[in-house]
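Here is the structure we will look at.
The values are calculated or read from the model by the stated rules, or taken from the named source; none is laboratory data. All values derive from a computational prediction rather than experimental measurement. As a convention, Cβ positions derive from the backbone with ideal geometry for all residues, glycine included, and neighbour counts pool all protein chains shown. The area values use the complete protein model at the heavy-atom level, side chains included, leaving out ligands, DNA and RNA. Shrake-Rupley method; radii C 1.70, N 1.55, O 1.52, S 1.80 Å.
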Amino acid sequence: AMVDAESGLSLTIARVVQRLRGSSLHSQLERQARVSLHKPEIKLESLKEDIKDFLKTSGWEKKLQNAVYSELNVFPSPCHPAAPPEHMKEPLAYMRKAQGSWEKRILKSLNSMCTELSIPLAQKRPVSEQKELLNKWNEMGTDEPDLTLFRPVYAPKDFLEVLMNLRNPNYENGEQPSFRNHLGLIQVPLKVKDIPELKEDFSELGLNTGQLGIDDSAQVPPEFFENEHVRVGQKVLAEQDSAAAQQYVRQGCPTALRADLWALILNISNQPEDILYYEQLKSNVIQYNLLVDSLIYKDVKLTASNDDYYFVFEDYLYQVLLCFSRDTSVLEHFAYSSATPPKAYIRGKLGIEEYAVFYPPSGVIPFHGFSMYVAPLCFLYHEPSKLYQMFREMYVRFFFRLHSISSHPSGIVSLCLLFETLLQTHLPQLFYHLREIGAQPLRISFKWMVRAFSGYLATDQLLLLWDRILGYNSLEILAVLAAAVFAFRAVNLMEVTSLAAAEAVLADLSTLKVMPLLQIFLFATVT
């Protein structure tokens, strides 16, 4: 195993070096090193050491560390050198196959919409339309195009049906030894954590640790903890160290520091070249009209525009999502996603590879509720290019896992299974009761998890939850919270006799306090 670990490490190093070589940071470092040659403190006889010292004292070494840390957080550790590349996407063949057929369904839905409405997937806008769009770029929401004929390509409940039908072909007719007693909707045997393992993973959420989002901790008066926590947070920001920031936010972010801490964790600095890149995406939106634009527009109108917290951000959402659909750099995440970007062919050239293009250019087809991934970030970032980069980074690190089929611990299949297992193990009576009346808990919680609870929790609570997603670099907390919500409303749920009644009990989560719920569920449940 030692040899494997070493070859794994050298593979990782090689990959990080190769990824950073092409980055703007690499050229900035070279430029800085050249500039430093003219400084008096740099001596020829100790050139290498002196330049290293200069890069350290001038803060460039930190920037390099953060970039490396960011790469390690995003990319999975390399597989065995002999493993085929699709293993990095998804190790289980049946999961890859299921994802492939789900993608075919999505494309079919998209193509039939094209045919029905006789609109092309993409076309150049006439100059007059380009001018008009440019003029109203900051108030696209005032536009009321007729979108009655457009429909979301799919909604979370369609996706849930697909996940419920997943089976591992190696276990014919349900002979899954350890798994036979799992009575949930998800019928694939993946390993998920139990409460003792979750306690260990989320130890900073324990009852003896100070938390933002807990009003009355027995240990310390909250204002004392908050003042101290703010002081530490300012220090972490001054240090500009991504790893330290990630550790820090596990106890929650002070509101005033959240935007900067999240950006530090995701290594987003909004350099001039980033702003320029955003402007290029914008000009592509202005020039070309894509069918997905109407889907984005319709999604914002159906979701965020009707939300008490988010309707004010409507225009930001259009800007970010339209630019995102044009962003080819998003394609890079398909190296470690089970999904594959859809292809379209230039008219009349169907099936000829030279004429294939990814569609949309980002490779991501939005579904019903997609805009809710962006909405909460609008509270934190008001500068469009920074908001854009934050969303893109959150998407390629986390959100893509919520709508693709994979065996990854943060993937939606594992989250569903974790949720069902926690309920069946720790609230068996409630679980059996709901199952008996045809109100399988996952039918209710699935939409919360797919949206990472955006649009369901009050915003201050949602941001406290997302603090922990970033802090633990994991989405597992979504399943834990979903189970905790059922535990919290268990008494009422035991009395319902239908799915509709169960849904009514859980219809409004906007008064819930996330941290107490998580703490009670993880640390006060008898295991």
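What helices does the chain have that are whole DSSP H segments, at least 24 Å long along their own axis by Cα, and with mean Kyte-Doolittle hydropathy of -0.5 or more? Intermediate results must be reported in sequence, preceding the final value.
Details: long enough: 2-21 (28 Å, 0.37); 93-117 (36 Å, -0.58); 222-239 (25 Å, -0.60).
What comes out of the filter, once short or polar helices are dropped, is 2-21.
Using the Cα centre of the chain as origin and beta-carbon charges of +1 (Lys, Arg) and -1 (Asp, Glu), tell me which of SER101, GLN247, VAL192 is placed farthest towards the positive end of the dipole.
The Cα lying farthest towards the positive end belongs to SER101.
Let's test this: bin the Cα-Cα distances of the range 321-452 at 10 Å from zero up to the farthest pair and state each bin's percent.
11, 32, 28, 19, 9, 2
Work out, in µm²/s and without decimals, the Stokes-Einstein translational diffusion coefficient of the range 409-451 at 10 °C, 1.306 mPa s, Rh from Kirkwood over C-alpha pairs. Intermediate results must be reported in sequence, preceding the final value.
Working: Rh = 10.6 Å.
Here the translational diffusion coefficient equals 149 µm²/s.
In nm, give the distance between the simple-model label positions of ASN208 and LYS157, each being 7 Å from the Cα along the Cα-to-Cβ direction.
So the two model labels end up 4.7 nm from each other.
Keeping all protein chains in place, calculate the accessible area per residue for the range 62-158 (probe 1.4 angstrom), answer in Å².
Values: 5890 Å² over 97 residues.
Accessible area per residue, the range 62-158: 61 Å².
Where a Cα-Cα gap under 19 Å defines reach, which aspartates and glutamates qualify for LYS43, not counting those fewer than 8 residues away within the same chain?
Cross-link targets: GLU30, ASP53.
Go through LEU92, LEU72, LEU291 and list them by solvent-accessible area, largest first, probe radius 1.4 Å.
Values: LEU92 60, LEU72 85, LEU291 5 Å².
Largest accessible area first, the list is LEU72, LEU92, LEU291.
Rank these residues by their accessible area, most exposed first, probe 1.4 Å: TYR94, TYR69. Don't skip to the answer; put the middle values down first.
Numbers: TYR94 30, TYR69 65 Å².
From most accessible down to least: TYR69, TYR94.
Provide the solvent-accessible area of GLU495, counting protein heavy atoms only and rolling a 1.4 Å probe, rounded to the nearest 10 Å².
Surface accessible to solvent at GLU495 totals approximately 140 Å².
Put +1 on the Cβ of every Lys and Arg and -1 on every Asp and Glu Cβ in the chain; which of PHE367, VAL312, MET515 then has its Cα farthest towards the positive end of the dipole?
PHE367
First measure r as the distance between the Cβ atoms of GLN123 and LYS52, then evaluate 1/(1 + (r/R0)^6) with R0 = 45 Å and state the FRET efficiency to the nearest 0.05.
Details: r = 54 Å, r/R0 = 1.19.
Efficiency for this residue pair is about 0.25.
With every protein chain left in place and a probe of 1.4 Å, what is the accessible surface of ARG34, to the nearest 10 Å²?
My reading of the accessible area for ARG34 is about 140 Å².
Identify all lysines with a Cα-Cα distance to LYS136 below 22 Å; exclude those on the same chain that are fewer than 8 residues away in sequence.
LYS124, LYS282, LYS298, LYS301, LYS386
So how strong a dipole does the range 446-514 carry about its Cα centre when Lys and Arg Cβ are +1 and Asp and Glu Cβ are -1, to the nearest 20 debye? The partial results should precede the final answer.
Working: 5 positive and 6 negative charges, 16 e Å.
Its charge dipole is roughly 80 debye.
What percentage of the solvent-accessible surface of the chain, computed with a 1.4 Å probe over protein heavy atoms, is contributed by carbon and sulfur atoms? Provide the component values of the computation, followed by the final result.
Working: 13840 of 24820 Å².
Ligands and nucleic acids excluded, carbon and sulfur reach 56 percent.
May I ask you to list the lysines whose Cα is less than 17 Å away from that of LYS235, ignoring any residue fewer than eight positions away on the same chain?
LYS62, LYS63
Which of LEU418, GLN461, HIS433 sits farthest toward the positive end of the charge dipole of the range 415-478, with +1 on the Cβ of Lys and Arg and -1 on the Cβ of Asp and Glu?
HIS433
So the label point goes 7 Å from the Cα of ARG15 along Cα→C-beta, right? Which residues of the range 93-119 then have their backbone N under 17 Å from it?
The answer is none, because no backbone nitrogen lies closer than 17 Å to the label point.
How much accessible surface does ARG489 have with a 1.4 Å probe, in Å² rounded to 10?
40
For the ranges 202-214, 265-277, 361-373, 122-134, what's the packing order if you count other beta-carbon atoms within 10 Å of each residue, average per peptide, and put the highest first?
Taking the mean over residues of other Cβ atoms within 10 Å, the ranking is 361-373, 202-214, 265-277, 122-134.
Here are labelled values, (i) 78, 52, 45; (ii) 80, 65, 51; (iii) 94, 64, 36, and one is the computed Cα extents along the principal axes in Å for what I pasted. Which one?
(ii)
Determine the gain in length on full extension of the stretch SER269-ALA256; use 0.36 nm per residue of separation and subtract their C-alpha separation, reporting nm with one decimal.
Values: separation 13, 0.36 × 13 = 4.68 nm, distance 1.76 nm.
Contour length minus the Cα-Cα distance gives 2.9 nm.
Quick check: pseudo-label points 7 Å beyond the Cα along Cα→Cβ at ALA524 and LEU183, how many nm apart are they?
Here the modelled spin labels are 2.7 nm apart.
Beyond 20 Å, what percent of the Cα pairs of the range 217-315 remain? It would help to have the intermediate numbers written out before the result.
Numbers: 3029 of 4851 pairs.
Summing the P(r) tail past 20 Å for the range 217-315 gives 62 percent.
Compute, for the chain, the length of the dipole vector about the Cα centre, with Cβ point charges of +1 (Lys, Arg) and -1 (Asp, Glu) only. Units Debye, rounded to 20. Present the calculation step by step, with values, prior to reporting the outcome.
Working: 51 positive and 60 negative charges, 260 e Å.
It works out to roughly 1240 debye.
Residues of the range 429-443 with the amide nitrogen closer than 14 Å to a label point 7 Å from the Cα of THR497, along Cα-to-Cβ, please.
Only 437-438 pass the distance filter.
When only the heavy atoms of the protein chains count and the probe is 1.4 Å, how do PHE379, PHE225 rank by accessible area, highest first? Numbers along the way, then the final one.
Details: PHE379 80, PHE225 30 Å².
Output order, biggest surface exposure first: PHE379, PHE225.
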